[in-house]
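In what follows, a structure is listed as structure tokens, so that the remarks can point back to it.
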Amino acid sequence: MLIIKNRQELSDFVQSIRAKQLTLGFVPTMGALHEGHLSLIKRSIEGNQYTLCSIFVNPTQFNNPTDLEKYPRTEQEDIRKLESAGCDAVYIPGVNDLYPQGLENDFTDMGGLDSVMEGAFRPGHFQGMATVVKRLLMQAQPTRAYFGEKDFQQLQIIRKMVKDEKLPVEIIGVPIVREESGLALSSRNMRLSPDFKEKSVMIYQTLVKAKELASQLPPRQIIPIIEQIYSHSDLKLEYFTLVEEEDLRTFDDFEKGKHYRAFVAAFAGEIRLIDNIQIR
Ligand code: AMP
């Protein structure tokens, strides 16, 4: 596997791919790789002649400095996992390769997709995320780029940005990979104590419960039932909401032909976890 350490090396790599007219699949990550990330790599390998992963812990998308500082960094292990997954190349840039003019965001109009859920609780997070994703897409010039439904709001924002700015790349969403317990895989899980890891299984269970309730009840009756469950638990709920998939807005009643998802953010001790599920 080719290890690309800076922007110039990436440019050489991209030129060689384009000269040979090969399709390139791209998987941007912040490292601390797990089976969720590897499922994106697998999809990319299946759909493209070449697969490039990037590992970059993007400072501008962290609204909490402690979260940035404590973000797990496991580069050698990541490289080993990518290699055994059959990834062709990994781009591990420095901050200067993505932010040559300093840590400033490019503004992206997200049409309100960023004012709810994660956007409401993590100010600036999506502008930072969109800045780095756009810069990475422009540098890597992939045929397709792969993002997990684990961060469904992020996926919808990227889809809109790529469409609005006519970036020549196909965006592909990949289903959430979970532990057997139902807990969604996340780089943050390695910071959970064994006790909180066990307790965090309720996140998935409440999502499944909301899905079951959605066959009989409207959202205004489902949400208090779920909130009640959290109020009797050791997890601290930040939000539990049901929204329509396209515009991420809350709604009064389910309509035929539309898709809906339940979203949750909760603290297990210090660790903030998010998850979601399609309910209809
Ligand atoms: P991150 O390293 O957390 O920025 O994640 C990189 C990519 O992996 C994003 O597109 C995530 O949505 C995706 N991802 C993270 N966890 C999972 C998971 N459990 N299942 C599927 N995709 C995931």
- Query: Which one of these does Ser233 not meet: (1) open to solvent by 80 Å² or more (accessible area, probe 1.4 Å); (2) farther than 24 Å from Phe62 by Cα?
  - Reply: (1)
- Arg249 passes all but one of (1) under 20 Å from the mean Cα position of the chain (by Cα); (2) over 27 Å from Leu192 (Cβ atoms); (3) of a type outside the set (Asp, Glu); (4) open to solvent by less than 80 Å² (accessible area, probe 1.4 Å); which number fails? (4)
- Task: Among the residues of region 140-185, write down those that are of a type outside the set (D, E, K, R), over 13 Å from the mean Cα position of the chain (by Cα) and near the ligand (Cβ under 10 Å from one of its atoms).
- Result: Leu183
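Considering only region 227-243, how many residues are without any contact (Cβ under 8 Å) to a residue 40 or more places away in the chain and acidic (Asp, Glu)? Steps first, answer last, please.
Applying the first criterion (without any contact (Cβ under 8 Å) to a residue 40 or more places away in the chain) to region 227-243 yields 227-237, 240, 242.
Adding the requirement that they be acidic (Asp, Glu) leaves 227, 234.
Count: 2.
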- Query: Would you pick out the residues in region 11-42 that are assigned to a loop (DSSP other than H, G, I, E, B), among the aliphatic types (A, V, I, L, M) and within 15 Å of the ligand (Cβ to nearest atom)?
  - Reply: Met30, Ala32, Leu33
- Please work out if Val201 is surrounded by fewer than 16 Cβ atoms within 10 Å (Cβ to Cβ) and away from the ligand (no atom under 11 Å from the Cβ). yes
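In region 43-54, how many are in contact with a helix residue (DSSP H, G or I) (Cβ under 7 Å, 6 or more places away or on another chain) and either more than 13 Å from the ligand (Cβ to nearest atom) or open to solvent by 20 Å² or more (accessible area, probe 1.4 Å) (or both)?
Narrowing region 43-54 to residues in contact with a helix residue (DSSP H, G or I) (Cβ under 7 Å, 6 or more places away or on another chain): 50-54.
Checking which are either more than 13 Å from the ligand (Cβ to nearest atom) or open to solvent by 20 Å² or more (accessible area, probe 1.4 Å) (or both) leaves us with 50-52.
Number of matching residues: 3.
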- For Ser233, state whether it is farther than 30 Å from Ile55 by Cα, of a type in the set (S, T, N, Q) and in contact with a helix residue (DSSP H, G or I) (Cβ under 8 Å, 6 or more places away or on another chain). yes
- Message: Pairs please, first residue from region 144-166 and under 13 Å from Val133 (Cα atoms), second anywhere and assigned to a helix (DSSP H, G or I) and of a type in the set (D, E, K, R), Cβ atoms under 7 Å, 6+ apart in sequence or on different chains.
- Response: Tyr146/Arg43; Leu155/Glu149; Met161/Lys134
- Residue check: is Asp106 touching a Ser or Thr at 6+ places or on another chain (Cβ under 8 Å), free of Cβ contacts under 8 Å to residues at least 40 places away in the same chain and among the acidic types (Asp, Glu)? yes
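The values are calculated or read from the model by the stated rules, or taken from the named source; none is laboratory data. Since we're looking at a predicted model, the values are computed, not measured. Because the Cβ atoms are built from the backbone with ideal geometry, glycine has one as well, and the counts that use them run over all protein chains shown. Remember, those area values only see protein heavy atoms, side chains included, never the ligands or the DNA or RNA. Shrake-Rupley method; radii C 1.70, N 1.55, O 1.52, S 1.80 Å.
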